[in-house]
Amino acid sequence: MTDNISGKVIVITGASSGMGEAAARHLAGKGAKLVLGARRAERLDALVAEIAASGGEARSVPTDVTRLEDVKSLVDAAVDGFGKVDVLINNAGIMPLSPFESLKVDEWSNMIDVNIKGVLHGIAAVLPHMKSQKSGHVITTASVAAHLIFPASGVYSGTKFAVRAICEGFRQEVKDYNIRTTLLSPGAVKTELLDHITDEAVQSVNRDYVGQVGIPADSFARMAAFAISQPEDVDVNEIIFRPTAQQ
Ligand code: NDP
């Protein structure tokens, strides 16, 4: 019996750390061929080397998801190198939380550019290929913050609510092309995501909380593998998961 992962060509954005990195490692272990994108090329290269040393197949493409051309090059590397693109994990994201009164307008813009436009760029890059293949799977990392708003999360939650709406709209429109769509909405996961919070009080509260209840990034990797491994006529549309201890 096949797990429906082995041999698949999977593109992951935000693969240089955290959940994207964990997903790359996990899916490579199940026989997928990985094409990994993020800005930190040296981190990607180290991961590619690690996967190769374990007998897996991966390549990396330095990618800034705010640039459509970069994301197209990432997906082209999959199609040129491995002949197709079966899955895109649209995962790159940032979370510089802050209260509105701090007026960190540049951070608001960056979140919109990475979290929303980055996801749209992924869709734009894979859709022509998946249409002509008449198959594909777009997995997008949202958040429990795509369902709720908490202090200092107004803009971040806004980007994740938007991503949820975009992915549901996309799901409804790509039925004829046999494309599956999955939104993965994690709660608190221990990654590097908090490192970029510039508001010290917000950083401290979140660090304490995630330090107490956060779960490992492997949790995300298993959810992605679960969605991919379903038979092709089964489309897992959304998984919300969080630490058992999280409200
Ligand atoms: P990390 O900070 O560990 O990983 C974020 C990844 O996104 C990195 O690989 C980073 O790579 C990449 N990235 C950031 N900006 C860009 C960019 N402009 N272009 C390309 N890649 C970029 O955090 P997580 O693993 O936690 O985050 C992954 C996703 O999970 C995000 O979408 C986040 O919003 C979401 N999420 C996380 C939760 C958590 O508790 N950790 C909870 C819910 C959702 P590089 O810097 O090398 O470009």
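The values are calculated or read from the model by the stated rules, or taken from the named source; none is laboratory data. Since we're looking at a predicted model, the values are computed, not measured. Reconstructed Cβ throughout: ideal geometry from the backbone, glycine too, with neighbour counts over all protein chains shown.
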*Answer yes or no as to whether ALA201 is in a helix (DSSP H, G or I) and not basic (Lys, Arg).*
yes
*For ILE240, all conditions in the list (1) among the aliphatic types (A, V, I, L, M); (2) more than 21 Å from GLU21 (Cβ to Cβ); (3) without any contact (Cβ under 8 Å) to a residue 60 or more places away in the chain; (4) outside any helix (DSSP H, G or I) hold save one; what is the number of the exception?*
(3)
*Could you pull out the residue among ASP199, ASP208 that is over 14 Å from the mean Cα position of the chain (by Cα), acidic (Asp, Glu), surrounded by 15 or more Cβ atoms within 10 Å (Cβ to Cβ) and more than 24 Å from ALA32 (Cα to Cα)?*
ASP199
*Consider LYS134 carefully, then state whether it is of a type in the set (D, E, K, R), more than 19 Å from MET19 (Cβ to Cβ) and at pLDDT 95 or above.*
yes
*Restricted to the stretch 218-237, and to residues that are assigned to a loop (DSSP other than H, G, I, E, B) and more than 16 Å from the chain's Cα centre (by Cα), which residue is farthest from SER17 (Cα to Cα)?*
ASP233
*Identify, from the list VAL213, VAL163, VAL205, the residue that is more than 25 Å from VAL87 (Cβ to Cβ) and within 12 Å of the ligand (Cβ to nearest atom).*
VAL213
*Give GLY122, GLY136, GLY158, GLY118 a once-over and let me know the one that is under 18 Å from VAL9 (Cβ atoms), within 13 Å of the ligand (Cβ to nearest atom) and not basic (Lys, Arg).*
GLY122
*Residues (under 20 Å from VAL138 (Cβ atoms) and surrounded by fewer than 21 Cβ atoms within 10 Å (Cβ to Cβ)) located in the stretch 28-58*: LYS30
*Give the residues of the stretch 88-111 that are under 16 Å from the mean Cα position of the chain (by Cα) and away from the ligand (no atom under 12 Å from the Cβ), sorted by residue number.*
LEU88
